[in-house]
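Report on one structure; see the data block that follows.
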Amino acid sequence: MKRFWRWHGTWMLVMAVWGLSVGGNGQWSDRRDQYFHPVIVVPHGPAPGGAVASRSTGWAGDGRANGAEPDAGLWPAAGADGQYRAIDACRYDEELQREHDLILCEGHRVLWRFGEQLRQEAIDYVRWSAAGGVVGRTVRTALKSARQTARIGHDAHNVAKGTIPCAGGVIRQFEQQGTKIYYRVFSGDATTGRWLTSVPPKSRAWAQEALALPPWNKATHIQEVVVPEGTLLERSRAIPVPEWGRLRGGAEQFKLLEVIPEANFGPGRPLS
Amino acid sequence: MNAVRFQGNLLFVGNSSLPVPYAVRDAFLLEGMIIVLLDPDAFLSDPSYGKNRRRGDSPLRNLLALSTDGKLLWEAEFPERADYYYSVSSRSPLTVLSFSSFRCEIDPQTGRILKKECFK
């Protein structure tokens, strides 16, 4: 749809420019002799019956129109080969010339109006596109700023309240397909939590650094967590959390977005 | 001071018993109130609870304070919207652990979170 409107706009712009250059500045009227010759085709040789209507080009018996002969030297001679030749009838008939001029004038006027209309539409299109772009950009910028402000405020609020952002990388939410075992590291009595890994961490030290754990989670134990089918999870990567003295992060982590029973958290076993 | 005992979804304070909606995991007296932790597995495994949650009901707040005559005084605030508490790690100050990986200090007068720290 966007491509269509872009094409439409371009087409209108081209047509408007063309309309202006051709119709708007009288270029066509200047060139009408060149491009708008009303031509009639006459046969070479005498017309049947030899009669010619007054003040018309007519089928000249001798190959000439009645009345004025403005340029007798230009009248084509009758050909003996019976071939037809195109001639400029207007040059020999003033009335036709006037009609021709009127038609040209009217046509020119129509074309000029058409060009004007196209030009106006193109200008409107450009104007509204520009205005829309400016408004859109302004709104987008304002929204972005508001979002950033809200996020900064939210982050500050979270930090103040004890929640520290710890998810980065490609953050993707998904529904668990089929029941799956995940892993969780903990220490002390914190035997349940929503932060998991899909593979068991290699060691306590690795888990603490790569998962950017707070200093009070010593990762002394690891447990299996049964995540039922249909549970909503969020996949991300741990980001460095300087507040906790973790400057590395980078491990893949999963956050349970829905609560699951505590019974799904297996008993912990020591992690070396 | 009377001790608090519990069995299933019944609390016993002195000679009286108080029913609560789900099985009790922990209960104790604190500053003249009965602090009750309802067993999360009890309500999470209840089909009607799951059905109501899917219909948009708020999650059950499973840390409560009751007066000795059974009147509800407060339900503790959660650190995150969909959450539950699963363990009381300290009675004074009242500190509980949440599914959302927070250790929360709860105001015993209001049930509001005074302090929380993420253990991830």
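Quick look at the numbers
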| read-out | value |
| --- | --- |
| Spacing of the two label points (7 Å from each Cα toward its C-beta) at A:Glu94 and B:Asp107, in nm | 10.7 nm |
| Residues with amide H under 5 Å from that of B:Lys116, placed H, sequence gap 5 or more | B:Glu105 |
| Shielding by partners - mean other protein chain Cβ count within 10 Å, residues of B:97-109 | 4 |
| Nonlocal amide H pairs with B:Leu73, under 5 Å, H built at 1.01 Å | B:Ala65, B:Leu66, B:Ser67 |
| Distance cut-off 19 Å, percentage of C-alpha pairs in chain B lying past it | 45 percent |
| Residues of segment B:82-120 with amide N under 13 Å of a point placed 7 Å along Cα→Cβ from A:Ile171 | none |
| Fully extended contour minus Cα-Cα distance, from A:Asp101 to A:Ala205, at 0.36 nm per residue | 27.9 nm |
| Gyration tensor (Cα) of segment A:161-212, equivalent ellipsoid semi-axes in angstrom | 19, 17, 13 |
| Sequence-distant residues sharing a close amide H with A:Gly250 (under 5 Å, placed H) | A:Ala238, A:Ile239 |
| Whole-angstrom gap from segment B:1-46 to segment A:182-225, using each part's C-alpha centre | 32 Å |
| Positive-end extreme of charge dipole, segment B:4-118 - chosen from B:Leu37, B:Gly56, B:Leu18 (charges on Cβ) | B:Gly56 |
| Test item: A:252-262 mean partner chain Cβ contacts at 10 Å | 4 |
| Efficiency of FRET between A:Glu229 and A:Ala130 - r from beta-carbon atoms, R0 51 angstrom, step 0.05 | 0.45 |
| Peptide-level mean, for A:184-197, of C-beta atoms on other protein chains within 10 Å | 5 |
| Total charge dipole magnitude, segment A:167-270, about the Cα centre, Cβ charges on Lys, Arg, Asp, Glu only, Debye to nearest 20 | 400 debye |
| Using θ = phi - 60° and Karplus 6.51 cos²θ - 1.76 cosθ + 1.60, couplings along segment B:25-39 (whole Hz; Gly, Pro as x) | 9, 8, 7, 7, 8, 8, 6, x, 10, 9, 8, 10, 10, 7, 5 |
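Since every read-out is calculated from the coordinates, none of them should be taken as a lab result. Note that this is a predicted model, so its numbers are computed, not measured. Don't worry about glycine lacking a Cβ; one is built from the backbone with ideal geometry, like all the others, and counts go over all protein chains shown.
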